[in-house]
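The values are calculated or read from the model by the stated rules, or taken from the named source; none is laboratory data. What you are looking at is a predicted structure, and each value in this text was computed from that prediction instead of being measured. No Cβ is skipped: glycine too gets one built from the backbone with ideal geometry, and neighbour counts run over all protein chains shown.
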Amino acid sequence: MARWEPDSRGRLREAALDLYGERGFENTTVAEIARRAGLTERTFFRQFADKREVLFAGSEELEAALVTAVAEAADSVAPLDAVAAGLEAAGARLPQDVGIARRRQAIIAANAELRERELIKLASLSAALAAALRGRGLEEPAASLTAEVGIAVFRNAFERWIEPGSERSFAELVRDSLAELRAVTAAVPAPAR
């Protein structure tokens, strides 16, 4: 086996997605992933902490893109518009190949442990987003509420983006989801105080 192989991370990810799809996440070992990729287990562990991280690698970059865009939005921008900018920036960190995202999501949906890990990731994104909004001067509970709404928009746009036959960009779907949210909230009068 060669000492250096190009794109070992991508090859490991592809091998893992194939095996998880064929055999299930829980029935796949790191050794099998490495063998399918033509690499060693040692190479696997240089790239990923464990076999779950093949599916969740890049979460830190996604969060950083989200938070940075929110923090850098002009002061005059409404909090929800700052969140929209953050969601679009985070969306740019998603795989360029929507097929990979579809496969990843199907594997996560089929495993309770992975669904829980996905929810933890989304909760972490929400907490980071709320902190960025507080950094812009938005007080609680508005910061946390806006962050949760932002994550709901993210999930809605993501689910629509990975639907078979979908040809719209993630950014377009974020804008559509926000427009739908604004239309719904504009049509519902606020409760009397």
Worksheet item: Does residue 114 count as more than 18 Å from residue 69 (Cβ to Cβ) and free of Cβ contacts under 8 Å to residues at least 40 places away in the same chain?
Response: no
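Given segment 10-115, what helices (runs of 4 or more DSSP H) lie entirely inside it while holding 2 or more residues that are under 30 Å from residue 179 (Cα atoms) and within 20 Å of the chain's Cα centre (by Cα)?
Working: elements: 30-37, 41-47, 53-56, 59-72, 79-91, 98-109.
Where helices (runs of 4 or more DSSP H) fall fully within segment 10-115 and carry at least 2 residues being under 30 Å from residue 179 (Cα atoms) and within 20 Å of the chain's Cα centre (by Cα), they are 59-72, 79-91, 98-109.
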Worksheet entry | Residue check, residue 139 in the same structural domain as residue 96 (by TED's automatic domain parsing) and modelled with pLDDT under 95 | no
Discussion item. Taking the condition of being in contact (Cβ under 8 Å) with a residue 24 or more places away in the chain, under 23 Å from residue 113 (Cβ atoms) and surrounded by fewer than 16 Cβ atoms within 10 Å (Cβ to Cβ), how many residues in segment 10-51 meet it?
Written reply: 3
Item to complete: Find the residue count for segment 160-184, including only residues that are in a helix (DSSP H, G or I), without any contact (Cβ under 8 Å) to a residue 60 or more places away in the chain and surrounded by 12 or more Cβ atoms within 10 Å (Cβ to Cβ).
Response: 7
Practice prompt. Run residue 59 past the list (1) modelled with pLDDT under 95; (2) more than 18 Å from residue 159 (Cα to Cα) and report the number of the one that doesn't hold.
Written response: (2)
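Any residue in segment 96-109 that is under 30 Å from residue 139 (Cβ atoms) and in the same structural domain as residue 156 (by TED's automatic domain parsing)?
No - not one qualifying residue is present in segment 96-109.
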Worksheet entry | Criterion: crowded, with 17+ Cβ neighbours inside 10 Å and not acidic (Asp, Glu) - qualifying residue of 110, 130 | 130
Item to complete: Kindly indicate which of 65, 132 is out of contact with any His (no Cβ under 9 Å at 6 or more places or on another chain) and at pLDDT 95 or above.
Response: 132
